[in-house]
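Reviewing the structure listed below.
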Amino acid sequence: MTDPVLIEELKTLVEPGKVLTDAESLAAYGKDWTKHFAPAPSAIVFPKTVEQVQAIVRWANTHKVALVPSGGRTGLSAAAVAANGEVVVSFDNMNQILDFNATDRTVVCQPGVVTAQLQQFAEDKGLYYPVDFASAGSSQIGGNIGTNAGGIKVIRYGMTRNWVAGMKVVTGKGDLLELNKDLIKNATGYDLRQLFIGAEGTLGFVVEATMRLERQPTNLTAMVLGTPDFDSIMPVLHAFQDKLDLTAFEFFSDKCLDKILGRGDVPAPFETRAPFYALLEFEATTEERADQALATFEHCVNEGWVIDGVMSQSEQQLQNLWKLREYISETISHWTPYKNDISVTVSKVPAFLADIDAIVSQNYPDFEVLWYGHIGDGNLHLNILKPEALSKDEFFEKCASVNKWVFETVEKYNGSISAEHGVGMTKRDYLEYSRSAAEIEYMKAVKAAFDPNGIMNPGKIFAV
Ligand code: 2HG
Ligand code: ZN
């Protein structure tokens, strides 16, 4: 734990009342949405200005105190968990939109701006911030940048990385850097902006970000299609991609639908039950587009890839269809799931999934296994639910023992052990399945350049 005398010194660097040490705050701000590690920070500090962030980082360097950045705390890899007496730096008080430029279509955000706040701001300006996911109501821009958040529209718009025009960061040494100056074209050597995106706060803190906006999509329309097996999903994807520019292509299993219907507040998409469902979305800009989607649906039925389906006819129906997919993670959190967030290139998905399925059936015969994810971009969320009778530790231990097989398969297919949730502490011991030893050495050297004293979110991405 950090010396209480040092915490008193920390209090002089920020406004009165902006350092908390009560048990309730420590428990709340010391964790994210994972349940693997018990939170145990020494204090929470709430800076209001860039200068205060710099002062905190300099103080931490002087006294060798570890800092953990904290945004909306919706992370799923324990990258923002403080389990070892660290000081948590919360960006809750740096949550303003500072500027908007209609010509450049950019918004300058403080790191604590909530994703939905940016989405709403864009909408009010007649524009669109396209990175979207179920936790958009709580997650913050700084955290999204830290994990390079993805979500449900990646197939069309890419990850958070694509939407950061420029950033101001405070490095682990306390220096303030302005990265890329919001330029579209800038060929002046290393793009440090991209290095900080996905760095999980291990190099420094994002203290300001200029985010790009896009034109608003027109008449978004969703279809949910029931398929007789997993193998039918990819031909469905290709059939629709041949005809339409998709804004989303998701999938989930019937077990996921069971859990969603169990809530009682989401209507079933149609009466027929199918082993798997695809949820796709496109812009029905013209009637021909919608007709094309229906014709493709019929083609898929004739080919035997689709059993039944529905197309949204209103905004309400669109929202209801999305709930079938978006509510899964929150709904199943009740069962303390063990999460996998793995990806391969789209062409490898069928073979990869067959291999993973064999491992899962063999090793988890008694566990409930849920398949869902962003299948259109090769990202699978494999969730294993904890049986009531098993303790959390026993359960996570059993799952960890199966990881070797899962991650060896990821490696075999040249995939990623973490597609969009980050490495944090939950995936750190498996990094070598996705990154070579030489690459990890270079990554550590980069960290040492920005954070020579190792105070920035230590133990995340790699062990200390
Ligand atoms: C999603 O796609 C989120 O719903 C959460 O990334 C995934 O719960 C999960 O494993
Ligand atoms: Zn996801």
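The values are calculated or read from the model by the stated rules, or taken from the named source; none is laboratory data. Everything numeric in this text was worked out from a predicted model, so none of it was measured. Here the Cβ positions follow ideal geometry from the backbone for every residue, glycine too, while neighbour counts run over all protein chains shown. These area figures cover heavy atoms from the full protein model, side chains too; ligands, DNA and RNA do not enter into them. Shrake-Rupley method; radii C 1.70, N 1.55, O 1.52, S 1.80 Å.
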For this session: Taking the Cβ of residue 170 as the centre, find all other residues whose Cβ is under 12 Å away and add up their charges (Lys, Arg: +1; Asp, Glu: -1).
Result: -2
For this session: Measure nothing but the geometry: give the 0 to 90° angle between the long axis through the Cα atoms of 50-63 and the longest principal axis through the Cα atoms of the chain, rounded to 10°.
Result: 70
For this session: Please sort 60-67, 146-153 by packing, taking for each peptide the average over its residues of neighbouring beta carbons within 10 angstrom, highest first.
Result: 146-153, 60-67
Exercise. What's the tally of Lys pairs in the range 61-185 whose alpha-carbon atoms lie under 27 angstrom apart, where the two lysines are 8 or more places apart or on different chains?
Worked result: 12
For this session: Measure nothing but the geometry: give the 0 to 90° angle between the long axis through the Cα atoms of 287-302 and the longest principal axis through the Cα atoms of the chain, rounded to 10°.
Result: 70
Seminar exercise, completed: For residue 183 the rounded accessible area (nearest 10 Å², probe 1.4 Å, non-protein molecules ignored) is 80
Problem set entry | Estimated [θ] at 222 nm from DSSP helical runs (n ≥ 4, -39500 (n - 2.57)) normalised by residues in the chain, nearest 500 | -10500 deg cm²/dmol
Problem set entry | Fraction of accessible area attributable to carbon and sulfur, the range 4-93 (%, probe 1.4 Å) | 56
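Viscosity 1.567 mPa s, temperature 4 °C: what is the translational diffusion coefficient of the chain from Stokes-Einstein with a Kirkwood Rh over Cα pairs, rounded to a whole number of µm²/s?
56
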Problem set entry | Mean-position separation - Cα centroids, the range 282-330 and the range 34-78, in angstrom | 43
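Ignoring ligands, DNA and RNA, what percent of the accessible area of the range 151-262 is carbon or sulfur (1.4 Å)?
46
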Problem set entry | Per residue value of the accessible surface for the chain (all protein chains in place, 1.4 Å probe), Å² | 42
Exercise. Under a plain spin-label model, where a point goes 7 Å from the Cα along Cα-to-Cβ, how far apart in nm are residue 100 and residue 299?
Worked result: 4.1
Problem set entry | Formal net charge of residues neighbouring residue 118 (Cβ-Cβ distance under 15 Å; K, R +1; D, E -1) | -2
For this session: With both partners inside the chain, how many of the DSSP beta bridges are antiparallel, as a percent to the nearest 5?
Result: 85
Problem set entry | Whichever lysines have a C-alpha closer than 26 Å to that of residue 386, once near sequence neighbours (fewer than 8 apart) are set aside | 31, 35, 255, 259, 323, 339, 398, 404, 427, 460
Exercise. Can you give the translational diffusion coefficient of the range 336-448 in µm²/s, computed by Stokes-Einstein from the Kirkwood radius over Cα pairs at 37 °C and 0.692 mPa s?
Worked result: 222
Exercise. If one takes the longest principal axis of the Cα atoms in the chain, at what angle in degrees, from 0 to 90 and to the nearest 10, does the Cα axis of helix 437-450 lie?
Worked result: 40
Seminar exercise, completed: Other residues with Cβ under 11 Å from the Cβ of residue 104 give, with Lys and Arg +1 and Asp and Glu -1, a net charge of 0
Seminar exercise, completed: Mean shadow area (nm²) of the C-alpha convex hull around the range 220-329 is 6.3
